[in-house]
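First comes the structure, then the notes that go with it.
The values are calculated or read from the model by the stated rules, or taken from the named source; none is laboratory data. This is a predicted model, so every value here is computed, not measured. Ideal geometry is used to build each Cβ from the backbone, glycine not excepted, and the neighbour counts take in all protein chains shown. Remember, those area values only see protein heavy atoms, side chains included, never the ligands or the DNA or RNA. Shrake-Rupley method; radii C 1.70, N 1.55, O 1.52, S 1.80 Å.
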Amino acid sequence: MMDKRLSKISFFDLMLLAELPDHKSLRSLSRSLGVEPPRLTKVLKSVGHQLQFEIIKTSSHGYIMTAEGSYVSLQAKELLKKSEDFIPRKSQFLAPSTTYTVGGRGFMNVFFSGVMITSLESAGVKALLRFMDLSPEELRQTATEGVLDVALHLEEIKWPQTWSAAEVGAMSWNLYVGKNHQLKGTVSKEELLKFPFARSAYWNGRAIAQAADNFPIPRNERIMGHEMQTALTAIEIVQHSNNVALIPNIIARKYEEAGLIRSLKVRGLDLVESKIYLSVRSDKISQRLFKQWQTQLKGLLKT
């Protein structure tokens with residue numbers, strides 16, 4: 001049964017008791033609590049009367065805690081800490097969300113994440129998406145280990161029977177330079193090769209590896225430039241150096257439209273398009289959501 005002495009103790013009284021040891025004067029305590037000193041003195045006197053013992057001893061230099069006061073101050077802190085869960089949070093009444101892990105190269109996650117999120121509501125799916133930037137090697141490994149639920153990829157992959165795959169469109173890797181670069185418009189191969197090429201690199205779990213870029217001019221004929229893992233970093237590199245970089249057109253487009261970078265064409269060279277695939281674990285992702293994603297991704301690639 002509750003001690004009758006606690007019947008009139010309020011949460012404000014507990015806050016007051018909890019803060020007492022952190023100050024040396026009632027004036028300092030009143031500033032901290034935002035209460036006028038006369039009221040504070042009155043409340044303290046009332047709490048002491050209610051508890052039936054002296055909480056502090058005052059002097060011209062401030063106050064000191066009594067043994068009983070120190071004890072109830074410590075208990076007040078514990079009660080306030082426990083009271084944090086007294087009022088339920090809104091999130092406690094929401095059904096726990098399912099989280100689907102999506103793996104893909106960084107630029108694909110940047111480009112597709114928005115429509116994939118908005119498609120959840122259209123498909124009537126209450127879930128969260130976790131986007132992981134993965135190299136092709138990491139994507140295959142995490143998928144086979146059961147980490148991924150969704151994959152965005154450029155390479156055809158032989159998935160287990162529990163997976164479904166669909167081609168959703170294509171993209172190209174175009175050559176880009178900064179807005180003030182010497183090269184403009186259509187250039188010759190000889191002109192192009194006077195400038196360094198930014199190269200794609202990534203950590204394969206054991207060492208730094210170079211990613212193949214399928215550019216028709218062999219690497220041993222090019223000048224080596226800065227190295228990076230993501231398309232967004234490549235865009236920064238060409239803006240701040242004389243490097244030329246192969247960047248996915250789906251990511252570079254808005255930077256080119258903003259006048260921050262420029263695309264190049266090389267006489268006699270045609271850049272190869274890459275197909276884009278969306279794959280999902282059929283035992284985790286509903287067919288309705290899979291089809292919704294296909295429609296939205298195809299539409300985004302056509303814009």
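Between 0 and 90 degrees, the angle of helix 106-122 with respect to the longest Cα principal axis of the chain falls at about 60 degrees. Most simply put, the range 93-302 has about 60% antiparallel DSSP beta bridges, counting only bridges with both residues inside it. Among the protein heavy atoms of the range 187-303, carbon and sulfur supply 50% of the accessible surface, probe 1.4 Å, non-protein parts ignored. The value of relative contact order for the range 11-86, using C-alpha pairs under 8 Å at least six residues apart, is 41 percent. Straight Cα distances below 14 angstrom link K291 to the aspartates and glutamates E121, E167, with same-chain residues fewer than 8 positions distant left out. Between the residues F290, S122, V72, the greatest Cα displacement towards the positive end of the dipole of the chain, with unit charges on the Cβ of Lys, Arg, Asp and Glu, is found for V72.
Label-to-label distance for L193 and K158 is 3.8 nm, based on points extended 7 Å past Cα in the beta-carbon direction. Heavy atoms of the protein chains alone define the surface here; on that basis the range 11-86 has 68 Å² accessible area per residue at 1.4 Å probe size. For the range 142-184, the set of GluC sites (Glu not before Pro) satisfying both a DSSP loop assignment and a count of at most 12 other C-beta atoms within 10 Å is given as E145, E155, E156. Axis of helix 37-51 versus longest Cα principal axis of the chain: the two differ by about 70°, to the nearest ten degrees. Remark: the range 93-302 carries 54 Å² of accessible area per residue (probe radius 1.4 Å; ligands, DNA and RNA excluded). Counted residue by residue at 0.36 nm each, then reduced by the alpha carbon distance between them, the extension gain from R206 to L33 reaches 56.6 nm.
Hey, could you get me the Stokes-Einstein D for the chain, Kirkwood radius over alpha-carbon pairs, 10 °C and 1.306 mPa s, rounded to whole µm² s⁻¹? Calculated translational D: 63 µm²/s. Distance distribution P(r), the range 115-265, all Cα-Cα pairs, bin width 5 angstrom from 0: 2, 7, 15, 17, 17, 14, 11, 9, 5, 2, 0 percent.
Run the numbers on the range 93-302 and let me know its relative contact order in percent, using alpha-carbon pairs under 8 Å that are six or more apart. Rounded, it is 33 percent for the range 93-302. Evaluated at q = 0.18 Å⁻¹, a Debye calculation over the C-alpha positions of the range 11-86 (equal weights, vacuum) places log10 I(q)/I(0) at -0.68. The angle between the Cα long axis of helix 67-82 and the longest principal axis of the Cα atoms of the chain comes to about 40 degrees, rounded to the nearest 10.
For a straight C-alpha distance cut-off of 22 angstrom, the lysines reachable from K184 (same-chain residues fewer than eight places away being disregarded) are K194, K254, K265.
Comparing S83, Q50, S30 along the charge dipole axis of the range 11-86, the residue lying farthest to the positive side is S30, per the Cβ-charge model. Spread over its residues, the convex hull of the C-alpha atoms of the range 195-303 is 149 Å³ per residue. Between the range 9-48 and the range 256-279, how many Å separate their Cα centres? Here the answer is 69 Å between Cα centres. Cross-link partners for K8 among the lysines, with Cα-Cα distance under 27 Å and sequence neighbours closer than 8 places in the same chain left out: K24, K42, K45, K57, K77, K81, K82. Here the Karplus relation 6.51 cos²θ - 1.76 cosθ + 1.60, evaluated at θ = phi - 60°, turns the backbone of the range 180-193 into coupling constants of 9, 5, 5, 7, 9, x, 9, 10, 8, 4, 5, 5, 4, 6 Hz, with x for every Gly and Pro. Here the gap between F86 and K254, fully extended at 0.36 nm per residue and compared with their Cα-Cα distance, gives a gain of 55.5 nm.
Taking only protein heavy atoms and a 1.4 Å probe, the accessible area of the range 81-161 is 54% carbon and sulfur. Remark: spin-label model distance A166-E121 equals 2.1 nm, labels positioned 7 Å along the Cα→Cβ axis. Using a 7 Å offset from Cα along Cα-Cβ at L271, what residues in the range 96-137 end up with backbone N under 16 Å from the label point? Residues passing the 16 Å test: 107-108.
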